[in-house]
1. Filter the range 57-78 down to residues that are in contact (Cβ under 8 Å) with a residue 60 or more places away in the chain and out of contact with any helix residue (DSSP H, G or I) (no Cβ under 6 Å at 6 or more places or on another chain) and give me whichever is surrounded by the most Cβ atoms within 10 Å (Cβ to Cβ).
2. Within the range 54-85, track down each residue that is at pLDDT 95 or above, hydrophobic (A, V, I, L, M, F, W, C) and farther than 18 Å from ARG27 by Cβ.
3. Please give the number of the condition LEU45 fails out of (1) surrounded by 14 or more Cβ atoms within 10 Å (Cβ to Cβ); (2) of a type in the set (A, V, I, L, M); (3) free of Cβ contacts under 8 Å to residues at least 60 places away in the same chain.
4. Report yes if VAL100 is at pLDDT 90 or above, closer than 14 Å to VAL30 by Cα and either among the aromatic types (Phe, Trp, Tyr) or assigned to a loop (DSSP other than H, G, I, E, B) (or both), otherwise no.
Amino acid sequence: MHHTSFRPTRNQIWTAARTAAHSIPPRVLVVDDFIDSADSLAAFLGSTGFDTRVAYNGCDALKIASEWHPDGVVLDVAMPGVSGLAVARTLRESPETASVPLLAYTAYETDDNFDELRAGGFDAVCAKPVDPTMIVKILTLLMGAAPANRTSIDS
């Protein structure tokens, strides 16, 4: 078989370069004191193309967020110690994380709770147990609407 060498057009090169520039996986921090829940959600998000890290308490969540600069945070609300609401408030008060989309991941099912979560800085809420593909959809929507908070690739 005779193959002619493939010469990509300038347009194809441009498209490929642009795709590469946009293929930095979005960073998502998963915060849940229930370790199995956190790990399995992070693994699922990782398999769908997110770069994930996990925190099992509010203190670690704040430390990771300030050092790693996630593009989105899935945050359990009811945690011992520093609650999800306290984490959300702190993230909203820091200029570096003020605009990062926050998804409340909660076992609460009361309606009045949604107002509290919205007031606390959360952008969306999903009740546990939830289909993880739903979380992917919500995160994609949230992060698509949010300004990219990383101008360059940092580790």
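The values are calculated or read from the model by the stated rules, or taken from the named source; none is laboratory data. Fair warning: this is a prediction, and the values are worked out from it, not measured in the lab. Heads up, the Cβs are rebuilt from the backbone with ideal geometry, glycines too, and the neighbour counts pull from every protein chain shown.
1. Going through the qualifying residues, I end up with VAL74.
2. CYS59
3. (3)
4. Working: at pLDDT 90 or above: yes; closer than 14 Å to VAL30 by Cα: yes; either among the aromatic types (Phe, Trp, Tyr) or assigned to a loop (DSSP other than H, G, I, E, B) (or both): yes.
So VAL100 fits the description; yes.
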